[in-house]
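Participant: Structure in structure tokens, see below.
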Amino acid sequence: METIEVYGDVYASNCPTRQVLDRIGDKWTALIIGVLEEGPQRFSELRRGIGGISQKMLTQTLRSLERDGLVTRTVYAEVPPRVEYALTPLGKTLCAPLAAIRQWAEANIAEVAAAQAVYDLRD
């Protein structure tokens, strides 16, 4: 496999890093990475662990994460077939940054909600 060297500039309008930024900034990605941080999971386990995600959205997000090299999909030759999803080494590098964002959101939701209420009263 050939290695492609790409240097990114997220502020450049045509830079492919914007696609990566869009992917990792997606709420479903942050939640899937968080669940997979605990170890490999089956599709049904992921769906149970992430309240409100539809089967379609989970499938689409997992495929995108697999395409981006962040998640692996392993099919085991069993009856019935068993499929597990796991973080790749590259995917594991996202655990700490996304955990920090999730923790920030949980710790600051009251202040954000208060700011939203004040803003909404201005209208």
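Here, each number is a calculation from the coordinates, and none is a lab measurement. Because the structure is predicted, anything quoted here is derived from the model rather than measured. For neighbour counting, all protein chains shown are included, and Cβ atoms are generated from backbone atoms with ideal geometry for every residue, glycine included.
Participant: Just the Cα atoms of region 69-123: what Rg and Dmax do they give in Å?
Facilitator: Expressed in Å, the Cα Rg and Dmax of region 69-123 come to 19.9, 61.
Participant: What helices in the chain pass both tests, a Cα length along the helix axis of 24 Å or more and a mean Kyte hydropathy of 0.0 or higher, using whole DSSP H runs?
Facilitator: Once both thresholds are applied, what remains is 95-122.
Participant: A follow-up question, please. Starting from the Cα-Cα distance between residue 48 and residue 9, subtract it from 0.36 nm times their residue separation and give me the gain in nm to one decimal.
Facilitator: Using 0.36 nm per residue and subtracting the Cα-Cα distance, I get 10.4 nm.
Participant: Still on this structure: Looking only at 62, 31, 90, which one moves most when the chain is put into a Gaussian network model with springs between Cα atoms under 10 Å?
Facilitator: 90
Participant: In a Gaussian network model over the chain where Cα atoms closer than 10 Å are linked, find which of 38, 66, 106 has the largest mean-square fluctuation.
Facilitator: 106
Participant: Label-point separation (nm) for residue 86 and residue 101, each offset 7 Å from Cα along Cα-to-Cβ?
Facilitator: Simple spin-label model gives 2.5 nm for this pair.
Participant: If you don't mind, there's one more thing I want to ask. Separation between the residue 76 and residue 114 pseudo-spin-labels, each 7 Å from Cα along Cα→Cβ, expressed in nm?
Facilitator: Roughly 4.9 nm, to one decimal.
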